Each structure stands twice: as structure tokens, then as C-alpha cells.
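Scroll down for the structure; my scribbles are underneath it.
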Amino acid sequence: MSDAPRSTLRPLVILISGTGSNMQAIVRAAQAQRWRERYGAFVAAIISNRPDAKGLAWAAGEGLPTAVLDHKAYPSREAFDAALAQAIARFDPDATARVVLAGFMRILTPAFVERFAGRLVNIHPSLLPAFPGLHTHQRAIEAGCRFAGATVHLVTAELDQGPILEQAVVPILPGDTPETLAARVLTQEHLIYPRAIERWLRETGG
Ligand code: GAR
């Protein structure tokens, strides 16, 4: 695949709920690795379902468009997801955006997943298929695992079960708490998530 400029731009819309450190790693990688020139890919917007998400301020400081959709303001999961799809569409005129879940702590409806099928990617803080869902680090420690990690995967209707794009492994050390383990895993997340997205862009036509 050549590095020739692309005529079609590929927006990346990043969804967050909190700190957004993975989002920051992706924004930095996109800049440093010239994703726009190489793949036509650019970070078009950061959307949070929590008004107090710390990552929003960082993104705004970078000059990136931000939007908030407070899920508590919607009567149902379906209504929230419909509004979320509309919010994404505002940054995605050609319906080609890749939607990047970066610590987005909402379960998405099948209709939403279907709409973005093949364009929706997530990072999960475990070695999937082990420990889907919440409290992954605590569960890995309690299970006596010697290793933990993180997984980048395409999103399908079943929670945390889509095709795996990338994984990283870290040891679980004596005395680890969920917090110390989470910090060790997060360091690896910041490496594998941008790497997985870059390869996904390269191998799927930008
Ligand atoms: C990350 O560890 C990510 O893997 C996890 O939330 C954290 C977000 O950190 N995601 C999930 O648990 C999704 N189910 P960040 O906001 O600093 O990127």
C-alpha cells in the first residue's frame, strides 16, 4: 500500500466517557504518523456520554470539535443510541467514519452496531475472550491469572466478542491491586490502540 494522498477523507470519531488517555494516544499518533496524508484519516470529533469527562477539556484544548450526549437525558438505550448516531453523522457527511470507542462505558444496541458494522472498534482491558464486561483487573487477580492485558477488537452485537485486531500482555505481579494492574495495562493500551487503528486504516483502504 502506497503513502499516496487520498481524495476521500476518512473521519475518525472517538467516543469517550472519562479520562480519554487512549483518545490522547490516538490523536498524537495520528499527528506524528501523518494519518491524514497517508490514509485520509483525521480525528473529526470527540463525543462523550458524560459531561464531566476529563478528556473533553483536553480535546478542546487541542482544537478538536467536541460534543456531549448525556445518556441520562434519554428515556431508553435505543433513544440514546439514535441520538448518538445523529451526533456522529454531523461529523460524517459521507457515512464513512470509523467510530473509535476509547473508554466509552456504554453498551451499544444491536441497531447502532449494525449501522456502523465494520467501522466500529473498541479497546477492552483484558485478554479477550477472557473477562468481558466490567472489573476485569479485579477478576483476573482473583482468578489467579499470571498474565493480563488488553484487546483491540471490532465491535459486534455481542459484548466484547468481535474479531481481535491486536492484543498486549502484561504480567500480574505479587501484591498487585486492580489499580496497579490497570495502570500497567493502560500503558500498553496506549501503544496497541494507535497501532491497531493505523494498520486497520492501511489494510482496509484508508
Ligand atoms: C481503558 O482501560 C479502557 O480499556 C477501558 O476503560 C479505560 C479508559 O481509559 N475500557 C473499558 O473498560 C470498556 N469496556 P481512558 O479513558 O484513559 O482511555
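The values are calculated or read from the model by the stated rules, or taken from the named source; none is laboratory data. Since we're looking at a predicted model, the values are computed, not measured. Note: ideal-geometry Cβ built from the backbone for every residue, glycine included; neighbour counts use all protein chains shown.
Tell me which residues, restricted to segment 14-23, are more than 8 Å from the ligand (Cβ to nearest atom) and within 11 Å of A59 (Cα to Cα). I14, the sole residue that qualifies.
Out of Q161, Q138, Q188, Q167, report the one residue that is part of a loop (DSSP other than H, G, I, E, B), out of contact with any Cys (no Cβ under 9 Å at 6 or more places or on another chain) and either away from the ligand (no atom under 11 Å from the Cβ) or in contact (Cβ under 8 Å) with a residue 24 or more places away in the chain (or both). None of the other options fit; the residue is Q161.
Residues considered: I172, I197. Of these, the only one that is more than 14 Å from the ligand (Cβ to nearest atom) and of a type in the set (V, I, T) is I172.
Would you be able to tell me the number of residues in segment 170-185 that are of a type in the set (A, V, I, L, M) and not in a helix (DSSP H, G or I)? The number of residues fulfilling the criteria is 3.
Within the option set R106, R119, R98, R115, being among the charged types (D, E, K, R), surrounded by 13 or more Cβ atoms within 10 Å (Cβ to Cβ) and either within 12 Å of the ligand (Cβ to nearest atom) or on the phi > 0 side of the Ramachandran plot (or both) holds for one residue only, R106.
Here is a yes/no grid of residues against (1) modelled with pLDDT of 95 or more; (2) over 22 Å from M23 (Cβ atoms); (3) under 16 Å from the mean Cα position of the chain (by Cα):
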{"site": "F80", "(1), (2), (3)": "yes, no, no"}
{"site": "D94", "(1), (2), (3)": "no, yes, no"}
{"site": "L101", "(1), (2), (3)": "yes, no, yes"}
{"site": "N122", "(1), (2), (3)": "yes, no, yes"}
{"site": "H137", "(1), (2), (3)": "yes, no, no"}
{"site": "F147", "(1), (2), (3)": "yes, yes, no"}
{"site": "G162", "(1), (2), (3)": "yes, no, yes"}
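Look at (1) in a loop (DSSP other than H, G, I, E, B); (2) more than 22 Å from A25 (Cα to Cα) and you find that F112 fails only one, number (1).
Taking the conditions (1) touching a helix residue (DSSP H, G or I) at 6+ places or on another chain (Cβ under 7 Å); (2) within 16 Å of the ligand (Cβ to nearest atom); (3) under 27 Å from I192 (Cβ atoms) in turn, A67 satisfies each one other than (2).
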